[in-house]
1. For region 151-179, what are the residues that are under 14 Å from CYS108 (Cα atoms), assigned to a loop (DSSP other than H, G, I, E, B) and out of contact with any helix residue (DSSP H, G or I) (no Cβ under 9 Å at 6 or more places or on another chain)?
2. Any residue in region 1-21 that's over 17 Å from SER134 (Cα atoms) and outside any strand (DSSP E or B): show its pairings with residues that are among the hydroxyl-bearing types (Ser, Thr, Tyr) and at pLDDT 95 or above at Cβ separation under 7 Å, as long as the two are six or more apart or on different chains.
3. Six or more apart or on different chains, Cβ under 7 Å: which pairs go from a residue in region 68-87 that's within 15 Å of ILE50 (Cβ to Cβ) to one that's among the small types (Gly, Ala, Ser) and assigned to a loop (DSSP other than H, G, I, E, B)? Could you list them?
4. Out of LEU166, LEU173, LEU201, I need the residue that is crowded, with 23+ Cβ neighbours inside 10 Å, modelled with pLDDT of 95 or more and over 25 Å from LEU98 (Cα atoms). Which one?
5. Taking the stated definitions as given, is LEU148 of a type outside the set (S, T, N, Q), within 17 Å of ILE36 (Cβ to Cβ) and not in a loop (DSSP other than H, G, I, E, B)?
6. Hey, can you tell me all the residues within region 20-48 that are under 19 Å from ILE162 (Cβ atoms) and loosely packed, with under 15 Cβ neighbours inside 10 Å?
7. Name every residue in region 123-137 that is of a type outside the set (A, V, I, L, M, F, W, C), more than 13 Å from ALA161 (Cα to Cα) and modelled with pLDDT of 95 or more, in order of residue number.
Amino acid sequence: MKFPVRGLYAITQTDNKSCTTIINEVVAAIKGGAVIVQYRDKNPSDALFIAQELLKVCHHHDVPLLINDDIELAKEVGADGVHLGREDGAIIQARKYLGDQAIIGVSCYNSLEQALIAETEGATYAAFGRFFPSTSKPLAAPADIKTLREAKRRLAIPIVAIGGILPSNGEQLLKAGADFLAVIGGIFDQQPEQSAHAYQLLFDQE
């Protein structure tokens, strides 16, 4: 499945939630406008089952599913790709393992240089952030909106912005060059379908 051109990028919120709740919330987020889903689970108990079920619902709605950190799990369930952090493995290795069609995203934090290297190594997209205070990643280093502007000028691959993004502050990131807004709590803290729709309106206005 191809990586979308732009839109809302939903990242699962799994802490203290049942498998059924996680899956139902993702369905609601997609109905609200999410165009890509990442399964992120820092304390997994049923990761294989959840990933398999998420893949079913995502593909039913023609939405790609990425797996956070875990190349092996992505391969096992046939996910559309992975998202790699600083210590999650090399892009080139992931590409060899998952194939030429796999979506491989990379966290670049506030480093344009890291993004440029990722692009040459075959990354599908570069993610920058956090741009605002985040309850999901409270210790993450801040990123500068100037980095987005420079990335838009110098990168050929799509740009994802993440970190504390709300409908009220997302527009400035889109104007600075972000193609996608990646969101966890802003979608899944309450009413995922309505919350996702509020973000989708930002893209409709562009």
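The values are calculated or read from the model by the stated rules, or taken from the named source; none is laboratory data. Given the structure is predicted, the values throughout are model-derived calculations rather than measurements. Using ideal geometry, Cβ is built from the backbone for each residue, glycine included, and neighbour counts are taken over all protein chains shown.
1. PRO158, GLY163
2. That search, which allows pairs on different chains as well, returns PHE3/THR124; PHE3/TYR125.
3. Close Cβ pairs (under 7 Å, with a partner that is among the small types (Gly, Ala, Ser) and assigned to a loop (DSSP other than H, G, I, E, B)) amount to ASP69/GLY85.
4. Values: LEU166 fails: crowded, with 23+ Cβ neighbours inside 10 Å; LEU201 fails: crowded, with 23+ Cβ neighbours inside 10 Å.
The match here is LEU173.
5. Values: of a type outside the set (S, T, N, Q): yes; within 17 Å of ILE36 (Cβ to Cβ): no; not in a loop (DSSP other than H, G, I, E, B): yes.
No; evaluated as a whole, the condition is false for this residue.
6. The answer is LYS42, and nothing else.
7. If the condition is that a residue be of a type outside the set (A, V, I, L, M, F, W, C), more than 13 Å from ALA161 (Cα to Cα) and modelled with pLDDT of 95 or more, then THR124 is the only one that fits.
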